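Asks: One structure, pasted below without further comment.
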Amino acid sequence: MFKIGQIYNRRSEIHDIYKGQQYGGISTPIKYPYIFIFTSNAGEKYGYVDKFSPNGTFQYTGEGQENDMRMTKGNLAIHDHQKNNKEILLFESTSKSFVRFLGKCNYLSHHIEERPDRNGKARNAIIFHLDIINTQTILTTQIIKTNVVEEPKAIYIAGPTKRDSLQQLRDIALSSTPIQASIEEKLLSIRNRSNAIKLYAKKRANGICEGCSGKAPFQTKSGPYLEVHHLTRIADGGADQPQNVIALCPTCHRKAHYSLEYLEFNNELVRKVNIIEANIDQ
């Protein structure tokens, strides 16, 4: 099956095997219990803006190029995937014909938002709120990948605080969203995971930039100032795992995003986090 962080040829490694629609954002194979969804920056000018929300859920724009989107076809497949025993598999575009597997998703809710259609005409778009279930460790830029499996921990209802130990923050970050729970409880669980991973990275760094090994540039009321960088997506955001976040000084953080050698630098950050986490686990 698909491995988180690995890059696949959409046509030969997905559709030639599982069938389903080869174009568009949602593919629903008939003979397999999967729904493939694809996200790309290319559709933003047509109103397809997919992103992490502050609460850690992934907002995914439904299908329908013109007029109001309706809860039919691929949109309905996402909405009813649990009832129909289908798994939602999320991929992001990396280059022409190639996509990276980000993980399995669960539908939580959706809202209607005014977005332009492909003709620039305002219409109602369906925005799905998805919980990305990353139970498999991701360590990847466009070059480095690893496939170490790590089981999720029990759910924590109480929110994380900076007073929690490194292990307590790790456990919250790796907790599972409760299946039999209200939407509010599920969102609370996701938000706790998202907050826990940020606190975890900063506590692990202990005031030292994990990129350049320099001291945090200044102190704040909450402690040394470091910024959390996610190694799994182009833009920071969303819940993640301990091996996929790093605490950086502002200079290193900007270098990871905007420097000419950003890819090489992120590969180096992946290597450093791998070593740091290996030493913690000992």
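Asks: Go through region 89-127 and give me each residue that's part of a loop (DSSP other than H, G, I, E, B) and either touching a residue at least 24 places away in the same chain (Cβ under 8 Å) or under 18 Å from GLY64 (Cα atoms) (or both).
Replies: Selection gives SER97, ASP117, ARG118, ASN119, GLY120, LYS121.
Asks: Within region 35-74, take every residue that is within 25 Å of HIS15 (Cα to Cα) and small (Gly, Ala, Ser) and give me the one that is farthest from the chain's Cα centre (by Cα).
Replies: GLY64
Asks: Name the one entry in ILE280, ILE234 that is at pLDDT below 95, among the β-branched types (Val, Ile, Thr) and part of a helix (DSSP H, G or I).
Replies: ILE280
Matching residues to (1) at pLDDT 90 or above; (2) touching a helix residue (DSSP H, G or I) at 6+ places or on another chain (Cβ under 6 Å); (3) buried (at least 19 other Cβ atoms within 10 Å of the Cβ); (4) of a type in the set (Phe, Trp, Tyr):
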{"site": "ALA125", "(1), (2), (3), (4)": "yes, no, yes, no"}
{"site": "THR135", "(1), (2), (3), (4)": "no, no, no, no"}
{"site": "THR141", "(1), (2), (3), (4)": "no, yes, yes, no"}
{"site": "GLY159", "(1), (2), (3), (4)": "no, yes, no, no"}
{"site": "SER176", "(1), (2), (3), (4)": "no, no, no, no"}
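Asks: So, one more: Do we have any residue at all in region 242-253 that's outside the structural domain of GLY56 (by TED's automatic domain parsing) and surrounded by fewer than 18 Cβ atoms within 10 Å (Cβ to Cβ)? If you could, list the steps in order and put the result at the bottom.
Replies: First, pick out the residues of region 242-253 that are outside the structural domain of GLY56 (by TED's automatic domain parsing): 242-253.
Within this subset, residues satisfying the condition of being surrounded by fewer than 18 Cβ atoms within 10 Å (Cβ to Cβ) are 250-251.
Yes, some residue in region 242-253 is outside the structural domain of GLY56 (by TED's automatic domain parsing) and surrounded by fewer than 18 Cβ atoms within 10 Å (Cβ to Cβ).
Asks: Could you say whether any residue in region 216-228 is within 22 Å of ILE133 (Cβ to Cβ), under 20 Å from the mean Cα position of the chain (by Cα) and touching a residue at least 60 places away in the same chain (Cβ under 8 Å)?
Replies: no
Asks: GLY74 - would you say it is surrounded by 20 or more Cβ atoms within 10 Å (Cβ to Cβ), assigned to a loop (DSSP other than H, G, I, E, B) and not assigned by TED's automatic domain parsing to the domain that holds ALA196?
Replies: It is false that GLY74 is surrounded by 20 or more Cβ atoms within 10 Å (Cβ to Cβ), assigned to a loop (DSSP other than H, G, I, E, B) and not assigned by TED's automatic domain parsing to the domain that holds ALA196.
Asks: Now, a different point. Could you run through region 95-107 and say how many residues are farther than 12 Å from LEU130 by Cα and either among the charged types (D, E, K, R) or surrounded by 14 or more Cβ atoms within 10 Å (Cβ to Cβ) (or both)?
Replies: Number of matching residues: 6.
Asks: Which one of GLN59, GLN82 is surrounded by 14 or more Cβ atoms within 10 Å (Cβ to Cβ) and either closer than 30 Å to ASN195 by Cβ or in contact (Cβ under 8 Å) with a residue 40 or more places away in the chain (or both)?
Replies: Details: GLN82 fails: surrounded by 14 or more Cβ atoms within 10 Å (Cβ to Cβ).
Just one listed residue meets the conditions, GLN59.
Asks: Looking only at residues in region 43-55 that are modelled with pLDDT of 80 or more and not in a helix (DSSP H, G or I), which one is farthest from LYS198 (Cα to Cα)?
Replies: GLY47
Asks: So, one more: Quick one: what pairs do we get from region 174-193, first residue farther than 9 Å from GLY56 by Cβ, second assigned to a helix (DSSP H, G or I), C-beta under 7 Å, 6+ apart or different chains?
Replies: Partner pairs satisfying both residue conditions: SER175/SER189; SER175/ARG193; THR177/LYS186; THR177/SER189; THR177/ILE190; PRO178/GLU185; PRO178/LYS186; PRO178/SER189.
The values are calculated or read from the model by the stated rules, or taken from the named source; none is laboratory data. Keep in mind that what you see is a predicted model, and the values were worked out from it rather than measured. Positions of Cβ are generated from backbone atoms using ideal geometry, with glycine treated the same way; all protein chains shown enter the neighbour counts.
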